[in-house]
Amino acid sequence: MKNAITRKGEKADMLQVLALINELAEYEKAPKVTRDRLYLDALQGLYSNSTKVLMDVEGGNNLMYLPLDKILEQNRSQEED
């Protein structure tokens, strides 16, 4: 059983290595595009579970905050009434 788990782990590691090799090849072709895509992918992963939104207004000093979790909660309670 331990052998099977080790093989699964090795297979996952090998897939990660292959993915990184592919990323490197893409990076060498178009560094800026690949860097931007990796950055956006990372942000998407980071913020995908967030229920709050911060918006920067161009040319302004204010940051708009949208508490989506509170808005959704309020809508649910109104629908139940």
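In region 14-25, the residues that are acidic (Asp, Glu) form Cβ pairs under 8 Å with partners that are in a helix (DSSP H, G or I) and surrounded by 10 or more Cβ atoms within 10 Å (Cβ to Cβ), at six or more places apart or across chains, as follows: Glu23/Thr34; Glu23/Leu38.
Would you check if Tyr27 is surrounded by fewer than 11 Cβ atoms within 10 Å (Cβ to Cβ), assigned to a helix (DSSP H, G or I), modelled with pLDDT of 85 or more and of a type outside the set (Gly, Ala, Ser)? No: the conditions fail for Tyr27.
A single member of Thr34, Thr51 is surrounded by 10 or more Cβ atoms within 10 Å (Cβ to Cβ) and more than 30 Å from Ala19 (Cα to Cα), and it is Thr51.
The values are calculated or read from the model by the stated rules, or taken from the named source; none is laboratory data. Just so you know, these numbers come straight off a predicted model, no measurement behind them. Every residue, glycine as well, gets a Cβ built from its backbone with ideal geometry; the counts of neighbours run over all protein chains shown.
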